[in-house]
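Peer 1: Below: one structure in structure tokens.
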Amino acid sequence: MQQPVTEEEAAYEPPTYTYDEVFPALPESATSASPTVNQLGQWNSKMRIGSSVVTQASTTISIPKEHHRFILGKSGTKLRDLEKTTATKISMPNMAENSDKIVVTGTKEGIEKAVHEIRVTSDEQSKQAYERVNVPKIYHPFICGPHNDSLNALIAETGVRINVPPLSVQKDEITIAGEKEGVMLAKERILAVHQDMEKKCTTVSVEVPKSQHKYVIGPRGNTIAEILQSTGVSVEMPSNDNSTGTITLRGPHDKLGLALNMVYEKANSVRTAVVNAPNWIHKYIIGRKGANIRVITQDLTKVHVEFTEKEDHIKIEGPPEEVEKAQQALETMASDLINKLIFIELTVDPKFYKHIIGKNGANVNRMKDDLGVVINISEGEGKNIIRIEGNKAGVEAAKVELEEMVHKMENEKEKDIIIDHRFYRNIIGTKGDNIREIRDMFNQVQITFPGPAEKRDVVKVRGPKEDVDKCHKYLTKLVKELNESSYMLEVPIYKQFHKFIIGKAGANIRKIRDETQTKIDLPAEGEKSDVIAITGKKENVEEAKDRILKIQNELANIVTEEITIPPKFYNSLIGAGGKLIHSIMEECGGVAIKFPSADSNSDKVTVRGPKDDVMKARQQLMELTSERQLTSFTAKVRANPQHHKFLIGKSGANIKKIRDLTGARIVFPTDKDEDKETITIIGKQESVEMAKAELEATIKEIDNIVESEMVVEPKHHRHFVARRGEVLHRIADECGGVMISFPRPGVVSDRVVLKGAKDCIELAKLRIQEIVEDLESMVTIECIIPQRHHRTVMGVKGFKVQGVTQEFDVHIKFPDRDAQEEYYNHQSADGELEKQVNGEVEQEVVEPVRVCDVIRITGKKEKFLSRFTSLTREDLPFQVEVPFDFHRSIIGQKGRDVRELMDRYDVHIVLSPADQKLDVIKISGTPECVERAKEAVEERCKELELERQDRLLKSHELELEVDPEFHPKIIGKRGAVITKIRLDHGVQISFPKKDDPDERIIKIQGYEQSVLAAKEDIMKIVNEYNDMVKEEVSIDSRVHSRLIGARGRNIRKIMEQFNVDIKFPRNTDPDLNIVTVIGTEENVMDTKDHLLNLEEEYLQDVTERELQDSYRANFGRGEGDDGGQGGEAGGGPGFVVKGGPWEQRAPDTASTAEFPSFGGGGDVPRSVPAAGAWGPRR
């Protein structure tokens, strides 16, 4: 059955599914090319493509962490049963995770059932009040209200959790959990609604076709909620698996009619129609990216068009008028497409597909473009079909072309031929000339060589059967010829004879090449090589070699001499990589020196070349041989093969020491030597004898060393080899340097090997056995101490636990603090598991044991059992009365002070949470440490109390009203005066900010006496200024700058001289000439006279300067300019230039006045005005 995708709640939003195949445009469309896969996209928000899928969703709920184990059940059985019953997947967080979120995944109905059961289980385990109310399922909608509004309001009012089973859960039970009063109130309200609706409600049933139920439900059930909100009537829909279409309406009698009308209205608001159209034309109806279907539906916004995959019809839903229009348009389009388009299916072997498609789809794309068809090639399910769709003529033409291609390929054949890579260049030829000739000979055949990166030697030949066979035969013959003519031989010829072999203008070498049909390559002129390479057939190559050697022998006196050299010196004479022998050959004119092969047992070395060079090479070889003989004295020492490794030492240390001391070479036998005991010493005689004596002395010492074994269980091995073998090194030091070897990691063995003197080995065995017995007597117990006390147990920097470890020789392992999961396997001190009998109920709620509470102690039971009791004793925290206000001071900056207290007194201190504001702190630890910490805390509290009282005394504040005019005087220059007052009396003095409404108020804060003293100092300053006289003096503003001086130097000097304060006007003042003088009456008058005198003096200077400036302004002014009557100084236009070149016009060359003749003419020249300083005016 087709299930269209519908919109659900936000938590259950299903994915959108679309076709996974191509949707091309119409073949006749000239403007749209063939589409590619998945180009449809979201072409219409109102159109959906149906798909037979089961929508999966998920939701997340918060359940208290302590209730999770009840949801899991024993070993998770309850959770598995719930998943099986609801067909969901329930994911719960791990115990270590700090999360209370449970994720439920599945179908919507399954999720609703699972969430309901989980909430019921959680509510049952709640420590608060819990009630179950049985209300028939039919009344649940009235309790919940439309969109759960009534239920949410009740929850908000009572503050309880109310769990109403969802529609898919067929249960009548409603659970309420929370505070007792709220639970009882909620229960009362729910029962009241039930009783009320039970009296009022009547029912009516109506038959509505099953297909129209979704319109009654509405998106996310909105329509049912709307009916309930408007009429107060509940609409009950049949389940999905129910085949009947009966809808039940339940509610007040007078509202049923209105609700019934709304149900019919919603059910008939949408009409469904079906258009018959073959499945294969759906993509043409849709068009590229939905272009065609968009044309139909763009004006029909409420129409839903559904193209169902693999079905030959189109489903339309929506308002009746719009559905009718859409149906008519789709039927017309489908009929038109069916009449115009056809399709043909061809069955073709898949091996021909790549040839039909062509390189990068060239063949198929060409047919699509030329014939206007769509070609789909499918392979799978045993059907190898090529489908051609399009207009009739194009489909027929494409069919014929494809059948011809298939027929041709069926008659073709492919053969492989193995050809070595080195022949490819010869076969292909320069610029492909050779292979082009072969392809012309067999023009129906395709020859494919492997690429340069491929390491295959297979060449493929494909084409008609007969042509392929002929081409294959031809290539095989060609390869055979190339193989025969590729024999190569290298002949060493002395460099000085190469020019004679070449001959004049290459005559000799060309003659040899032509007569022997070979290829002869000589080394380039700059190369050091003297080898000539000859390539061709074997017999021809040999003949060319003889002819070249003959030329060399005729030209030079070439001799061959044999030298007797013992074979043992061959390697040293040849040298590493042949460097030594090659250097001799080069020094001696390039002679050839040949050593016999290793299996020939010959001692004859052959030297061949010019006579003088041969003699020189012979002399060097004999000298080197004599030198080697002197340094090859040999001696032999016999030693037990088992002792060889002791002679060699670790990493060859012992043998290297002897070599460095004596300079002799010592050779030990290998696995291939028959005699395993003989050690060979090579070198100079005295060095060999010294090394032999050293070895014999060492062998004598080693003969006293024995090797023994003992058995140690593998479980104890780690103790011995831990910490880089610390225990083994200690045993070796105690037992005379015995060597102890335990099996390597990964080797399962209990065998331990000991090497050394016999007495030492026995002593080491005894010591190892004692350690093993100690290890076997050790036990591990689990000490349950809450994780919060671990700090106390460990002590400062682990001091306590280290002391216990050393005193009792035990190993203590603390757990990971993040391991918060519950621990079930607790062992008591006697080694037995503590078990809880099923069904037991503790009177007290015992805190569960967590993994992070378990401390494991390993050691001898009798040694630490007494200490175990003191470790497991949990010290109850001691409470100290400390006002909450002091907690912050006790903690200190970033917890520094409280950490210092805990470290100093070895205790754990817990302060009140910020939200509780308790006046106590808890101190945990040993009684002695707690007592000392308590005294320190109480002492700190006394200090803080004194500080608080001191702050209260210091907080005395006084407000002083002072005219803002005096504030700068009180502050002083750079705050000097006010700073002195603050320091003298230890007070804080605050001045009002600019534009502050209380600009006259100065605040003083500190001890009362200090505040009053500071006030007196300030008032002294104010009073001093109050007694002063303020006099305004009118001084011309032009001399103010002279009075002030550079950087106020002059005016400061005057103020200091007369002990007054002088203020000059600002630019914004109405009278810029007024200067204010403040001070004592006598000083002010003296200052005023002094300023007026200075003004008079300075004004004379100003007047003279202005007069000079006025003269400068009139200087150079012309006589005709205003006749010298010009107005104020500086008011004229200044120096003006007239008649300059920039004011003149360009000359007129046609004018006889500007360009007169030189006489002889009849014209009388006109008078020309006199030229000025700049020439004539133009």
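Peer 1: What FRET efficiency, computed as 1/(1 + (r/R0)^6) with R0 = 45 Å and r the Cβ-Cβ distance, is obtained for Arg1105 and Glu961, rounded to the nearest 0.05?
Peer 2: It comes to 0.35.
Peer 1: Lysines near Lys340 by alpha-carbon distance under 18 Å, same-chain residues fewer than 8 away left out - which ones?
Peer 2: Filter leaves Lys283, Lys368, Lys392, Lys399.
Peer 1: For Leu256, what charge total do you get from the other residues with a beta carbon under 12 Å from its beta carbon, if Lys and Arg give +1 and Asp and Glu give -1? List each step's numbers first, then the result.
Peer 2: Working: positive: Lys200, Arg250, Lys255; negative: Asp254.
With Lys, Arg at +1 and Asp, Glu at -1, the net is +2.
Peer 1: Please give the FRET efficiency for Met710 paired with Ile648, using the beta carbon to beta carbon distance and R0 = 22 Å, rounded to the nearest 0.05.
Peer 2: Numbers: r = 26 Å, r/R0 = 1.17.
The formula returns an efficiency of 0.30 here.
Peer 1: Same structure, new question: Could you order Ser651, Ser126 so the one with the most accessible surface comes first? Probe is 1.4 Å.
Peer 2: Sorted descending by solvent-accessible area, the residues read Ser651, Ser126.
Peer 1: Under 14 Å from a label point 7 Å along Cα→Cβ of Glu403: give me every residue in the stretch 326-367 with its amide N that close.
Peer 2: Of the residues in the stretch 326-367, 344-348 have backbone N under 14 Å from the label point off Glu403.
Peer 1: May I ask you to list the residues of the stretch 129-151 whose amide nitrogen lies under 15 Å from a point 7 Å from Cα along the Cα→beta-carbon direction of Glu179?
Peer 2: Answer for the stretch 129-151: 129-130.
Peer 1: Considering lysine pairs in the stretch 633-703 that are 8 or more places apart or on different chains, how many have Cα atoms under 16 Å apart?
Peer 2: Lysine pairs meeting both conditions in the stretch 633-703 amount to 12.
Peer 1: Could you pull out every residue, at least 5 positions away or on a different chain, whose amide H is within less than 5 Å of the one on Arg856? Hs are placed 1.01 Å off N in the peptide plane, and Pro or chain starts have none.
Peer 2: Counting only residues 5 or more places away or on other chains, the set is Cys783, Lys813.
Peer 1: Near Gly429, within a Cβ-to-Cβ distance under 11 Å, what is the net charge of the other residues, with Lys and Arg +1 and Asp and Glu -1?
Peer 2: +1
Peer 1: What is the distance, in nm, between label points placed 7 Å from the Cα along the Cα-to-Cβ direction at Thr564 and at Glu726?
Peer 2: According to this spin-label approximation, the distance is 7.1 nm.
Peer 1: Show which lysines lie in cross-link reach of Lys199 when reach means a straight Cα distance below 28 angstrom and same-chain residues fewer than eight apart are skipped.
Peer 2: Once the sequence-local lysines are set aside, what remains near Lys199 is Lys137, Lys171, Lys187, Lys255.
Peer 1: A follow-up question, please. Using a Förster distance of 41 Å, how high is the FRET efficiency between Lys480 and His582, based on the Cβ-Cβ distance and rounded to 0.05?
Peer 2: Once the sixth-power term is evaluated, E becomes 0.55.
Peer 1: Find which of Val721, Leu754, Val711 sits farthest along the positive direction of the dipole of the stretch 705-777, computed with +1 on the beta-carbon of Lys and Arg, -1 on that of Asp and Glu, about the Cα centre.
Peer 2: Value: Val721.
Peer 1: To continue, here is another question. Hey, can you grab everything whose amide H is under 5 Å from the amide H of Arg850? Only 5+ residues off in sequence or another chain; H modelled, so Pro and N-termini drop out.
Peer 2: Tyr823
Peer 1: Something else about it: Just need the relative contact order of the stretch 1028-1108 here, percent rounded to a whole number, with Cα pairs under 8 Å and 6+ apart.
Peer 2: Details: 97 pairs, mean separation 31.8, N = 81.
For the stretch 1028-1108, the relative contact order is 39 percent.
Peer 1: If I model a spin label as a point 7 Å beyond the Cα along the Cα-Cβ vector, how far apart are those points for Asp149 and Asp996 in nm?
Peer 2: It works out to 5.7 nm between the two label points.
Peer 1: Taking 0.36 nm per residue of sequence separation and subtracting the Cα-Cα distance, how much length would be gained by fully extending the chain between Glu696 and Gln298, in nm to one decimal?
Peer 2: On the way: separation 398, 0.36 × 398 = 143.28 nm, distance 10.80 nm.
The span from Glu696 to Gln298 would gain 132.5 nm if fully extended.
Peer 1: Excluding ligands and nucleic acids, what accessible area in Å² is computed for Leu185 using a 1.4 Å probe, to the nearest 10?
Peer 2: Estimated to the nearest 10 Å², Leu185 gives 60 Å².
Peer 1: With charges only on Cβ, +1 for K and R and -1 for D and E, what is the dipole size of the stretch 705-777 about its Cα centre, in debye, rounded to 20? Walk me through the numbers before you get to the answer.
Peer 2: Numbers: 11 positive and 13 negative charges, 79 e Å.
That gives a dipole near 380 debye.
Peer 1: OK, next. Can you give the extra length, in nm with one decimal, that the chain gains between Lys676 and Arg80 once fully stretched, where that is 0.36 nm per residue apart less the Cα-Cα distance?
Peer 2: Using 0.36 nm per residue and subtracting the Cα-Cα distance, I get 207.4 nm.
Peer 1: Can you give me the Cα centroid spacing of the stretch 348-412 and the stretch 245-275 in angstrom?
Peer 2: 56 Å
Peer 1: Summing +1 for each Lys or Arg and -1 for each Asp or Glu, what net charge is found among the other residues whose Cβ lies under 12 Å from the Cβ of Lys399?
Peer 2: -4
Peer 1: Relative contact order of the stretch 559-624: what whole-number percent is it, with Cα pairs under 8 angstrom and at least 6 residues apart? Walk me through the intermediate numbers first.
Peer 2: On the way: 86 pairs, mean separation 27.8, N = 66.
In percent, rounded to a whole number, it is 42.
Peer 1: Could you size up the charge dipole of the stretch 1028-1108 around its Cα centre, putting +1 on the beta carbon of Lys and Arg and -1 on that of Asp and Glu, and report it in debye to the nearest 20? Walk me through the numbers on the way to the answer.
Peer 2: On the way: 11 positive and 17 negative charges, 110 e Å.
For the stretch 1028-1108, the charge dipole is close to 520 debye.
Peer 1: On average, how much accessible surface per residue is there in the stretch 170-260, in Å², for a 1.4 Å probe, leaving out ligands, DNA and RNA?
Peer 2: Per-residue value: 54 Å².
Peer 1: So how far apart, in nm, are the two label points at Glu207 and Thr248 if each is 7 Å from Cα heading toward Cβ?
Peer 2: 1.8 nm
Peer 1: What relative contact order, as a whole-number percentage, does the stretch 955-1027 give when Cα pairs under 8 Å and 6 or more residues apart are counted? Can you show the working numbers first?
Peer 2: Values: 94 pairs, mean separation 30.0, N = 73.
That works out to 41 percent.
The values are calculated or read from the model by the stated rules, or taken from the named source; none is laboratory data. Predicted model only: the values in this text are computed from it and were never measured. Glycine gets a Cβ as well: all are built from the backbone with ideal geometry, and neighbour counts include every protein chain shown. Each accessible area value is taken on the protein alone, full model and side chains, heavy atoms only, with ligands, DNA and RNA left out. Shrake-Rupley method; radii C 1.70, N 1.55, O 1.52, S 1.80 Å.
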